[in-house]
Number of protein chains: 2
Amino acid sequence: MKMEELIRFGEKFFDELEIAIYKNRDASVNIELNEVSSSMLRERAVTVIRGVKGKKLGVSIIDTGDKEKIKEAIERAYKMAKLNKPDEKWTSLPEPGKYREPRKVDKELKEVSPDYFVDLAREGISLALEEQGIVVAGGTGGVEWGESLIMNSHGVNVSQEGGGAFFYLELVGMREGRVTPGIFDFDAKLSLNLNVEEVVRKALQKVKWAFNVKKSKTEEARVILEPWAISSLLSYALFPAFSGEKLVKGTTPLANKVNESISNELLTICDDPLHELSINPVIADDEGVPTRKNVLVEKGVFNGFIWDNYWAKLQGVESTGNAKRSLATGGISIGFHNVIIEKGKKSLEDLVGEIDHGYLVDGFQGAHSSNPDNGNFAVVANPAFLIKDGEVKGSTVFMMSGNIYELLPSLYEVSKEQRVLPFEGSMIVPAMAFENVRIAGK
Amino acid sequence: MKMEELIRFGEKFFDELEIAIYKNRDASVNIELNEVSSSMLRERAVTVIRGVKGKKLGVSIIDTGDKEKIKEAIERAYKMAKLNKPDEKWTSLPEPGKYREPRKVDKELKEVSPDYFVDLAREGISLALEEQGIVVAGGTGGVEWGESLIMNSHGVNVSQEGGGAFFYLELVGMREGRVTPGIFDFDAKLSLNLNVEEVVRKALQKVKWAFNVKKSKTEEARVILEPWAISSLLSYALFPAFSGEKLVKGTTPLANKVNESISNELLTICDDPLHELSINPVIADDEGVPTRKNVLVEKGVFNGFIWDNYWAKLQGVESTGNAKRSLATGGISIGFHNVIIEKGKKSLEDLVGEIDHGYLVDGFQGAHSSNPDNGNFAVVANPAFLIKDGEVKGSTVFMMSGNIYELLPSLYEVSKEQRVLPFEGSMIVPAMAFENVRIAGK
């Protein structure tokens, strides 16, 4: 029996239905206290059925790709739909669309043993321990391989496969009675070609800075936000405001800001899974709608919202191919595949070099408690570093609270280096420098 | 091939080894916005291998109970162990022990279809919507069935099975332009005999209170902490301090407090998975060590620490049967099976009735950021209710920050009703009333 026949089977019950099958294989290792603490080989399959009968929805999930069990799940989704009330706002599942050419995938990622990462992790640990007073507090390395098939009764039928490799390391410095905060760095790629040496080198540099603890003042200063820091802040305080669902519900502060500037011409943000640096190169979203390059902010000007099928049809616009499915609940929500923040012209080194007195922030704590409905945030910059006379002088900690729409216009430079982050699919992010940032020292 | 033969196979590589196999079946539904949004049937198996060769440890994990794949995982664990440094503190895996009589399990829980919970959820939704101005914001209902087998090369060989059912509901009240915070209630049992009506009744009562918003002052007052609130606060601020690992590492404030009072004679805390109300009746911990009743605090007096095999042997004491395994990393840590806080003599109604001016707290936000190494906490009481002249008058929100070791001695009464919470296994918790609690009003 072919997979398509499951759609035919489901049409006996439903007006329209969708079957999404996801298969994952993860091979990875954990690092704890200078040792490789465990190696893992995990494989799973999840099938999500979404069926509609008379605008009544039924969704069922099973942990298998087995056809007979999928049939049972279709019947369960139908029983459920019958008991629910109709969703009068429901229009229809997506129609087929034209996909872009998929990226070539590295099949090596599909077969690799966790043993490969045991060796890689040992190499990283050894390199880090060559330095005096270093503890490898934690880390992980591995590969995630995924295959998906999205079909619906309107003829959508798209399968994809691909994988990526990642390596994280968290170091703590201990010297002369001083203990640094945990400092981490990472690499993520679409091949096994991970640069462990570079990860260790960058983390060690930050540990060195962190040994030298400096006080921060309550003041207004120039602050450079490194990729991990700026991406966590934007992910919670800004990006959710781009969701079309929030436009329909009236909960985005961007509702009346289309074609208005929210920053300045240094800021350009797109979402495009097929960008050359993307580590999440999907040609279809989780409803089978073709992905595309969506420009969100162009030279500071807000360009418009992103949509999945449901909210787009409710608003009378087109899905932008931004449906993401939760495999825990089966629910579809609007999200990103690969956010790219355009790079600038200066190197991070030059940005630091130009600052007489300011700060470099590696990470934020508490970004998740930001409120995207108004842009308010209150975060702790840690690890953060003091810049004095164009050089990093030591580590510090401070609070930054404010509003993202007040922060963004004070952007004065973007670094030419971008980092690839494995956040929400993936993100390509430079360092971003802001002036007159109000900070509260500790 | 019998499972025991896998141990023999592993002994070709290791001095000693452990094989732990976990199989789970979850049937459940999600509730969103007055509808049953999805139904799930999830089944998974995870096997964790832990082997030791010359004090070198190797741990590997696979998502299957398949014997041939387990053999491969044993070989991977061995390759890993060879590359690691010896853990000079390692003594040995546990020896066999004597288990208590297991509780009879309800086999119905093993076979139940998610459809059962679609009906249950619909019943709960209908009951809640009979009330004016109520939205069923969310919820979940289902059953978790688990089977485990823990074997090691010293002869430990213990298998267990069992399951529990649960039902949560989150209601929001919307009336005359007022919107209450999300109010939730729940039931959890070792059978399908869930009391949906009671869950709805309790949640509706709290929504009624929540419509009437009252200011809270900054003051010292009597505060009754309901089971969900007190258990979240103790779980983060106090319970981790009972861990023997923290004693060895010198990070528990209880290190020199054995046989000293940390509260008063109203407070007695035990951990016992076979307590009559327990919904986690395990006879063995995750290393196969027999569980038992551990008295942690008796009439206010701290009685001693809990241990897993590794830290107990390092300290020269016996494991108390408190090893818990993470199925994400395979790692063992010290944890609880079923914490029981002894009940008192008065009803919650009487406790409220005796208060002229005070507060009743249903839940805390931010309890997870408590510091168990010193007992400090800073939480937001929400939902919380104002008590005036012995009656609940309306809902309020306030901050409570302090130290758990300063709060516990001000305990002046414990309710005679206990609730069963599905926290960390399970917990049996009464409401607890404290006097002279410093709160910061909003």
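Could you count how many residues in region B:307-327 are on the phi < 0 side of the Ramachandran plot and assigned to a loop (DSSP other than H, G, I, E, B)?
9
Condition first: of a type in the set (D, E, K, R), crowded, with 18+ Cβ neighbours inside 10 Å, in contact (Cβ under 8 Å) with a residue 60 or more places away in the chain and out of contact with any helix residue (DSSP H, G or I) (no Cβ under 6 Å at 6 or more places or on another chain). Can you find one or more residues in region A:272-285 that meet it? Can you show your working first?
Here is the first cut: in region A:272-285, the residues of a type in the set (D, E, K, R) are A:272, A:276, A:285.
Still in the list and also crowded, with 18+ Cβ neighbours inside 10 Å: A:272, A:285.
So of that shortlist, the ones also in contact (Cβ under 8 Å) with a residue 60 or more places away in the chain come out as A:272.
Filter once more, keeping what is out of contact with any helix residue (DSSP H, G or I) (no Cβ under 6 Å at 6 or more places or on another chain): A:272.
Looking through region A:272-285, at least one residue is of a type in the set (D, E, K, R), crowded, with 18+ Cβ neighbours inside 10 Å, in contact (Cβ under 8 Å) with a residue 60 or more places away in the chain and out of contact with any helix residue (DSSP H, G or I) (no Cβ under 6 Å at 6 or more places or on another chain).
Can you tell me which residues in region B:59-86 are basic (K, R) and more than 10 Å from every other protein chain (Cβ to nearest Cβ)?
Selection gives B:K67, B:K71.
Take A:S235 and decide whether it is touching a Pro at 6+ places or on another chain (Cβ under 7 Å), surrounded by 18 or more Cβ atoms within 10 Å (Cβ to Cβ) and either at pLDDT 95 or above or not polar (S, T, N, Q) (or both).
So A:S235 fails the test.
Is there a residue being surrounded by fewer than 24 Cβ atoms within 10 Å (Cβ to Cβ), among the charged types (D, E, K, R), at pLDDT 95 or above and over 20 Å from B:T218 (Cα atoms) anywhere in region B:420-442?
no
Search region B:86-100 for residues that are in the same structural domain as B:W311 (by TED's automatic domain parsing) and pair each with any residue that is assigned to a loop (DSSP other than H, G, I, E, B) and among the aliphatic types (A, V, I, L, M) when their beta-carbon atoms are under 9 Å apart and the residues are at least 6 apart or on different chains.
Here the result reads none, with nothing in region B:86-100 linked to a residue that is assigned to a loop (DSSP other than H, G, I, E, B) and among the aliphatic types (A, V, I, L, M).
Applying the selection to region A:171-208, what residues are under 15 Å from A:T140 (Cα atoms), in a strand (DSSP E or B) and touching a helix residue (DSSP H, G or I) at 6+ places or on another chain (Cβ under 8 Å)?
A:L171, A:I183, A:F184, A:D185, A:F186, A:D187
To keep it simple, each residue is scored yes or no on (1) farther than 30 Å from B:K313 by Cβ; (2) modelled with pLDDT of 95 or more.
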position	(1), (2)
B:N195	yes, yes
B:K217	yes, no
B:L247	no, yes
B:L267	yes, yes
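Which is out of contact with any helix residue (DSSP H, G or I) (no Cβ under 9 Å at 6 or more places or on another chain), facing chain B (nearest Cβ under 8 Å) and under 23 Å from B:L327 (Cβ atoms), of A:E43, A:E35?
A:E43
Kindly check whether there is at least one residue in region A:63-77 that is under 23 Å from A:Q160 (Cα atoms), touching a residue at least 60 places away in the same chain (Cβ under 8 Å) and surrounded by fewer than 17 Cβ atoms within 10 Å (Cβ to Cβ).
Scanning region A:63-77 turns up at least one residue that is under 23 Å from A:Q160 (Cα atoms), touching a residue at least 60 places away in the same chain (Cβ under 8 Å) and surrounded by fewer than 17 Cβ atoms within 10 Å (Cβ to Cβ).
Only residues that are of a type in the set (A, V, I, L, M, F, W, C) and part of a strand (DSSP E or B): list them for region A:390-424, please.
Hits for region A:390-424 are A:V392, A:V397, A:F398, A:M399, A:M400, A:L411, A:V414, A:V420, A:L421.
Just the residues that are closer than 16 Å to A:R100 by Cβ and part of a loop (DSSP other than H, G, I, E, B), please, taken from region A:253-273.
A:D272, A:P273
Output the number of the condition that A:L120 fails; it satisfies all remaining conditions of (1) at pLDDT below 95; (2) more than 8 Å from every other protein chain (Cβ to nearest Cβ).
Going through (1) at pLDDT below 95; (2) more than 8 Å from every other protein chain (Cβ to nearest Cβ) one by one, A:L120 breaks only (1).
Out of region A:31-64, which residues are within 18 Å of B:V48 (Cα to Cα) and under 25 Å from the mean Cα position of the chain (by Cα)?
A:I31, A:E32, A:S39, A:M40, A:L41, A:R42, A:E43, A:R44
Quick one: which residue in A:K104, A:K56, A:K89 is away from chain B (no Cβ under 11 Å) and closer than 25 Å to B:I125 by Cα?
Exactly one of A:K104, A:K56, A:K89 is away from chain B (no Cβ under 11 Å) and closer than 25 Å to B:I125 by Cα, namely A:K89.
Take the residues in region A:102-114 that are touching a residue at least 40 places away in the same chain (Cβ under 8 Å) and of a type outside the set (V, I, T), then tell me which one is nearest to B:D115 (Cα to Cα).
Within region A:102-114, the match that is nearest to B:D115 (Cα to Cα) is A:K110.
Go through region B:274-301 and give me each residue that's in a strand (DSSP E or B) and either in the same structural domain as B:G146 (by TED's automatic domain parsing) or closer than 28 Å to B:H154 by Cα (or both). So that I can check it myself, show each step before the final result.
If we filter region B:274-301 for residues that are in a strand (DSSP E or B), which is where we start, we get B:284, B:290, B:294-298, B:301.
Residues satisfying the conditions are B:A284, B:P290, B:N294.
Can you tell me which condition B:A210 does not meet? The list is (1) over 21 Å from B:M399 (Cβ atoms); (2) modelled with pLDDT under 95; (3) surrounded by 21 or more Cβ atoms within 10 Å (Cβ to Cβ), and all the others hold.
(1)
So which of B:G330, B:G344, B:G304 is away from every other protein chain (no Cβ under 14 Å), assigned to a loop (DSSP other than H, G, I, E, B) and within 21 Å of the chain's Cα centre (by Cα)?
B:G304
Could you count how many residues in region B:214-243 are among the hydroxyl-bearing types (S, T, Y) and farther than 16 Å from B:L407 by Cβ?
Residues flagged as among the hydroxyl-bearing types (S, T, Y) and farther than 16 Å from B:L407 by Cβ within region B:214-243 amount to 3.
Tell me yes or no: at least one residue of region B:374-389 is over 16 Å from B:R222 (Cα atoms) and either assigned to a helix (DSSP H, G or I) or more than 21 Å from the chain's Cα centre (by Cα) (or both).
yes
Could you list all residues from region B:46-56 that are touching a Phe, Trp or Tyr at 6+ places or on another chain (Cβ under 7 Å) and farther than 18 Å from B:K324 by Cα?
B:V52, B:K53, B:K55
Within region B:363-380, is there a residue that is touching a residue at least 24 places away in the same chain (Cβ under 8 Å), closer than 20 Å to B:A237 by Cα, surrounded by fewer than 24 Cβ atoms within 10 Å (Cβ to Cβ) and acidic (D, E)?
Scanning region B:363-380 turns up at least one residue that is touching a residue at least 24 places away in the same chain (Cβ under 8 Å), closer than 20 Å to B:A237 by Cα, surrounded by fewer than 24 Cβ atoms within 10 Å (Cβ to Cβ) and acidic (D, E).
The values are calculated or read from the model by the stated rules, or taken from the named source; none is laboratory data. A quick note: this is a predicted structure, and the numbers were derived from the prediction, not measured. When we count neighbours, we look across all protein chains shown, and the Cβ atoms used for this are built from the backbone with ideal geometry, even at glycine.
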